[in-house]
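The values are calculated or read from the model by the stated rules, or taken from the named source; none is laboratory data. In this text, all values refer to a predicted model and were calculated from it rather than measured experimentally. Don't worry about glycine lacking a Cβ; one is built from the backbone with ideal geometry, like all the others, and counts go over all protein chains shown. For the accessible areas, the whole protein counts, side chains as well, though only heavy atoms, and no ligand, DNA or RNA atoms are used. Shrake-Rupley method; radii C 1.70, N 1.55, O 1.52, S 1.80 Å.
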Amino acid sequence: MGYCEKHNPCDDKRKRKIVTITISIAIIVTISIAVPLTIVKFALRPTNLSFSLQDLTIYQFNQTSPTTLTTTLHLSLSSHNPSSHFSLSYSGLRFYASYHSQQITQYALLPPAFLGHYENCLWSPLLCGVEVPVTPDLAEVLSAEQAAGYVVIDVKVEAALKWQFGVVFPGQSHMHVNCRAVVLCDGQNGNGQGGGFRLLQPVGCSASI
């Protein structure tokens, strides 16, 4: 006659308790490690990126039809790494100009750049847009600004930013830079032809990552 071991419900409870305790400990350990690392990752990131629009010359900024705009401008934008802890690397750099939230030039693609501690770099792209479609109300805004003797242009930069804090904590993010330039075009700041209209003084830029 065969022997059958009796099922003990207490064993099941004991096993479930052990599994529950093990899972709980694993979750607590994971959270204990992940949360501080996440805090450190966000704390150890560059927050004082420095960009400045050094020069902007508008060679062409004309309505080529009631709803198109042709633009040619040259700019110089500097970047400074003010940190003694972070090194910065920019890649996928795209420059373009915007007029009242509407893109008016094609993208200018620039090569990657690396900034060590306290280092600087300077970009000088030429931005062009030929008969770029714009809304009818933008044409009215342009006419009004030119009649007032100025135009407001935003120089925008997009890039992939990587940083390194020492040799331990690398990080990366997408970066957006905006430089708002008010350029006088009243006849005293260029001729709008070969000499162009120029920015009178450098302009600070905002940067977000």
Tally up the carbon and sulfur contribution to the accessible surface of region 58-130 as a whole percent, 1.4 Å probe, everything protein left in place. 55 percent
In nanometres, what is the gap between the two model label sites at C121 and S84, each 7 Å from Cα along Cα-to-Cβ? 2.4 nm
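Order E119, E145, E140, E131, most accessible first, counting only protein heavy atoms with a 1.4 angstrom probe.
Working: E119 85, E145 15, E140 130, E131 110 Å².
Ranking E119, E145, E140, E131 by accessible area, largest first, yields E140, E131, E119, E145.
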Accessible-area order (highest first, 1.4 angstrom probe) of the listed residues V155, V130, V203: V130, V203, V155
Which net charge results for the neighbourhood of T105, defined as the other residues with beta-carbon distances under 14 angstrom from its beta-carbon, given Lys and Arg at +1 and Asp and Glu at -1? -1
The summed charge of the A181 Cβ neighbourhood (under 14 Å; Lys/Arg +1, Asp/Glu -1) stands at 0
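Provide the FRET efficiency to the nearest 0.05 for the S206-T64 pair, computing r from the beta carbons and using R0 = 35 Å. Before the final figure, lay out the partial values.
Values: r = 31 Å, r/R0 = 0.88.
So, using R0 = 35 Å, E works out to roughly 0.70.
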Return one whole number: the accessible area per residue of region 64-186 in Å², for a 1.4 Å probe. 47 Å²
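Rounded to the nearest 0.05, what FRET efficiency is calculated for R198 and A113 with R0 set to 22 Å and r the Cβ-Cβ distance?
Working: r = 25 Å, r/R0 = 1.13.
Working from the Cβ atoms, E equals 0.30.
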